[in-house]
1. On the given criteria, is A:L165 of a type outside the set (F, W, Y) and more than 19 Å from B:T14 (Cα to Cα)?
2. Scan the range C:272-291 residue by residue and report those that are out of contact with any Ser or Thr (no Cβ under 6 Å at 6 or more places or on another chain) and within 17 Å of C:L321 (Cα to Cα).
3. Can you tell me which of C:A636, C:A676, C:A663 is surrounded by 22 or more Cβ atoms within 10 Å (Cβ to Cβ) and of a type in the set (G, A, S)?
4. So which of C:V683, C:V672, C:V700, C:V687 ends up being away from every other protein chain (no Cβ under 14 Å) and under 27 Å from A:R178 (Cα atoms)?
5. Which numbered condition trips up C:V780, out of (1) away from chain A (no Cβ under 14 Å); (2) closer than 24 Å to C:S814 by Cβ; (3) more than 50 Å from the chain's Cα centre (by Cα)?
6. If C:I375 passes every condition in (1) touching a Phe, Trp or Tyr at 6+ places or on another chain (Cβ under 7 Å); (2) within 30 Å of C:T283 (Cα to Cα) but one, which one does it miss?
7. Looking for something surrounded by fewer than 21 Cβ atoms within 10 Å (Cβ to Cβ) and away from every other protein chain (no Cβ under 14 Å) - is there at least one such residue anywhere in the range A:6-14?
8. Do we have any residue at all in the range C:480-494 that's of a type in the set (D, E, K, R), assigned to a helix (DSSP H, G or I) and surrounded by fewer than 20 Cβ atoms within 10 Å (Cβ to Cβ)?
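The values are calculated or read from the model by the stated rules, or taken from the named source; none is laboratory data. Predicted model only: the values in this text are computed from it and were never measured. All Cβ positions, even for glycine, are placed from backbone atoms using ideal geometry, and neighbour counts span all protein chains on display.
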Amino acid sequence: MRLEAQTVFGTSLDPAVPGAIFTSPSATLRERSDIGCILLSAAIDGNGILDAAGEAVGVELPATAGAYKTQEARFALMLSPRSWIVQCNIDEETALVGRVNATFADRTINASRFSDYLCWFELCGPDGTLLLKEGGFLSLERDGFRVGHAKRTLIAKVTAVLIRLDDQAWLIGIERSRARYFADWLISCACLDR
Amino acid sequence: MIVIRCPYCNEQRTEEELSYGGEANIVRAIEPDTLSDTEWTDYLFMRNNPKGLLQEQWCCAAGCGQWFKIERHTVTHEITEVIRFDQQFSCKKDS
Amino acid sequence: MTSAKHGYRLAAGGVIDRQRAVSFSYNGDHLRGYAGDTLASALIANGVGVIGRSFKYHRPRGFYGTGMEDPNSMLAVRDAYGFEPAIRAGQVRLSEGLEACSVTGWPSPEFDVAAIAQLASNVLGAGFYYKTMMWPNWRLFEPFIRRSTGFGRLDSAISRREMHHRHEVADVLVIGGGPAGLTAARQLAHSGLKIVLVDDQPRLGGALLWEAVSFDGVPASEWVDRTVDALKADANVTILTSTMATAAYEDNAFTLVEQRADEHGVRAEHHWKLRAANVVLATGMVDRPLLFADNDRPGIMLGSSVRRLIGEFGVAPADRLTVYTNNDSGYLTAIAARKAGIDVPVLVDTRPQGQAIHAAAAEQSGVRCVFDSQIEGTSGYKHLKAVTVRGSSTVESIRCSGLAVSGGWTPLIQLAGHRGVKPVYQERESMFVVRAAPPGWHVIGGAAGSLHLTTTLAQARAAASAIGSDRGVPMEQGADVSVDCMSYGSISPQWIPDCGARSRMWVDFQNDVKVSDLDLAARENYVSVEHLKRYTTLGMGTDQGRTSNINGLAVMAGLTDRTINAVGTTTFRPPYSAVRMGTIANRRDGDLHQPRRYLPAHAIHEKLGGVLEDFGWERPDWYRSNGADRESAVEAEMVAVRNHVGVFDGSSLGKIEVTGPDAGLFLSRFYVSNMATLKPGGVRYSVMLKEDGVIFDDGVVACLGPNHFLAGPTSGNAEAVAGWFEQWRQTEWPTMRVAVAPVTANWASIAIAGPCARDLLARLEPDFDISPEVFRHMQVREGHVAGVPARVARVSFTGELQYEVSVPSRYAASLLNTLLERGSGLTPRAVGMEAWLRLRLEKGYIHLGSDTNGRTTPLDIGMGGIVAKRKDDFLGKRSLSLAFATSEEREQLVGVEAIGGTLQAGGRILASGHERTPCPSEGYITSACFSPSLGKSIGLALVVRGNERKGETVSVFSDGSIIRCRLTSPTFYDAENKRLNT
């Protein structure tokens, strides 16, 4: 027996099915259920363990906030000075968690399953950024939110992990229980003529 | 709108992203049992409420989750100092 | 109703589009205006004189201004997209099919029956209601007073206006698109700085749209067009027209309300939050009234508004217009009126001739000027007929249909006031100005009290240069332009005239506050400006005292022999102009009001007929598939758990992984029980306290392996507890080797409870031993269930054998389905929140927040023994030895059984010896239900000295009746714990 996996928006978990939630000429929102991730939490400071952890997950862990490190199919971003999200293919989650927890048997770094914690959205199109800005300041910096930058902030009263993929594309991680609300909210913004 | 540059993630954060932790430097005794009732209840409840500069704790709650200290003018909201917990140095506030 | 004496459209002039007629209606009359008109200018052009009635005396009132400063012209307005219950006519742009109607005066502003109040005006002075309606009871008078007052009309039709929120950051925010703002923005353009220019009018230019000005010999309109074109050519410049800066906050954050209109009305509203490094305040200034007897008659209007009507809209407010002034700008009005062909019989100047710099120019255009003169009174009830002019030795009556007054200028500095700036009175110009602007601000032009355009432009260029060098950006050098226009000159204020009745001089037109009311306030010692405001209602109207404040406080200064600076102004607070609640709420209603949280198996609950309620998460309260109504379904669900097996979705329960070498020690500092001694595979229940000793949360902690714990706070506190852990880790115990990772939403937790729970779990083919002697109560296992990774805790909330099966959330729906489908023979039922909570009540387990309150300590809920056993410290422990916690009079948790009747949560326990209410109370029922297992009504209660009173009979006031109850142990069901240990 094996339970069937379902994505947040109710389709079965098959990467071949693109999970478009809404599309319009100016913006497209889709669920990226193919993206899996794990959460690394360190019990101590120290660059030494960072390197070892990076080796275990196969991607260098960034030491500064906002940096979004890419290595082949893996991505890592710093959530806090002692925690990182490592993105991977959803099928790799179990293996990655196992590798880290075997490397750090005393749990100075702990790997937690995190693929089901966040619902990843991809928001593309010329109006994508405008839609997000209905929900909050994406950045208060003069040079704004740069491509390749990652940040955790509030959008529409919900904490979101934002990654700017390019000028017109965002990857947005939303806590799973609030993902449907977030999509409803984005759709309500997008349905209006601007 | 209070804006603080978080000394950990180095992003300017609005007050919606921050949470407030009251007056800073209220230290918990290592052995509370050795305190008198008065000393303990002072620790629990007695706080300064100056019209002027106050050191207080804030958390980059919707951002990097880190607690830090600032010195803020309670009338103008001007922030004169931002201090990390792990390194006791301060960052002068910009813009 | 149209008569030549009232306003009319001039044959030429204005920036309106005379090719595009617009039809609209006012109180059912069909009227016409032009594109570019405001509702105010179109109504005046159609000869409407009386636009409303005053608040208290119901005096007829006409247009006093053309914009936001007008205290009189509140109307209800409907366009194709929405409805405004109360808005000034000057703030509405005319659109096709617009419907406007009066909100004051009944049956109409022209004929208002309540105008009889004027006869009583002598007794209706300041404070009348406070003093008079006290006896016998204010409520007796309230309905009538409410009906006869107020501005606004409600309409329940849903607005079709589109609402947006915008959040932006700019380098420079320029507020005001007149000559000052445009010059500053033009200079800063192309510097690379991100500039936002806002103006509340649909067309940029400010006063240049109506004042007679030329730049380098060409009309100002050409200069405006050129400047706007240059701004539009810079991609870094955003121009927001029809946009009001409504409030200014710390760190230069502003709220803006932008209206986007088409020919049918206001189609959309954008509510902006904008933060700027620098701010240029170029909001201009507004004309002030002069005080004289009967200065409120329709036909009397601010001089600047008259010039705007003529210049911007091509409208004359009257065919015969007297001008009354104490400064040089009045002459501009007289000259503009003459140019438009309006008869100006006389200009009355309160000052000596020598001070009037434009007198010759006025006389040249055919205006007779009289000096050292005042207006003593006016006549005409619904429309001005004549004014009486008193000179040093003469009195003459002048027949006229309009009177333009100018009492000096008031800079619009309210936004600076929002930031705590105290305006300073400048004697020479008799105006309040900003001396110390907020950081990064530059106040220029009229807002800075500039009375000449050349000064204004120089200030604008200086502000731009200062910002440029401050930010280190290159800037285009702005060329000096030569300006040809008439200066606003100088002023000699005369606040209270020497002649005329003070009880007929209106200071606040909207709230009917007269000079005599200020006299009364001064006599009764309401001399502080804030008291004056509240006692007389001066400046408390919807116009926020734009025309009345300065006159009011200047009069008070005179009455109390103080300087105007000593009296000071009232505090300016946001918003600068009315903002509709709907604009702020935006689309935040219904499902979008607050973030809703959905269970991972939400769709299955819906399919099962779950009645979803908001418990912080959308959770099924009960299932329609289990019964026709709530009570029968809840009972069926409870019976299923007691007799075979129930399935409950507990996915919202908090899950926090606490890891690292010091993880056990760390947790032991939070919980009343010592979590450090928990062995891998073990689970322990406990409560945690805040430092004051009061219970903050309860739940179980599981030890999944060495240095690896999983804390399970309550659903409602999951995020707060994780934050609490982090705060202590970072701020107090930074050297502890521990990490806190909240992972709640990652895991779906489905509880299976009942005598058949083990059989049902077995059908999921767990890859570990679940036999009762191996997997015992209060233990946890990690492994696989139904082929997927799982954590299974054997814990019980219901008192039955119970397992909590957690799998990654993506499997939640499938797990729930599988449990309900694979349970053939075991007849599993889905169980909702209500049944679940009643089951635990039978067992006597607390439900945090119901059975505990903001005072409850672990000593009050029977955990004193655990506290006493702890040798080491934990948060809040020290407080448990304070007198408040050890007092004999504590409310303690007990069980309650009804001897007859039905218990209800909230019922008060009557103090011993009392059988009737009112009487003292000794506690209350915290939870209650009818127990199907016991066949009676039971509950939990916090009762004074409850522990020692078990067995006692008490009276409980419950929902109107008094019932007898017995206090018992909280555990009603299976006190020996046989069932959960099977």
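1. yes
2. Of everything in the range C:272-291, just one residue is out of contact with any Ser or Thr (no Cβ under 6 Å at 6 or more places or on another chain) and within 17 Å of C:L321 (Cα to Cα), namely C:L290.
3. So the residue among C:A636, C:A676, C:A663 that is surrounded by 22 or more Cβ atoms within 10 Å (Cβ to Cβ) and of a type in the set (G, A, S) is C:A663.
4. C:V700
5. Result: C:V780 passes all but (3).
6. The single condition C:I375 does not satisfy is (2).
7. no
8. Checking the range C:480-494: not a single residue is of a type in the set (D, E, K, R), assigned to a helix (DSSP H, G or I) and surrounded by fewer than 20 Cβ atoms within 10 Å (Cβ to Cβ).
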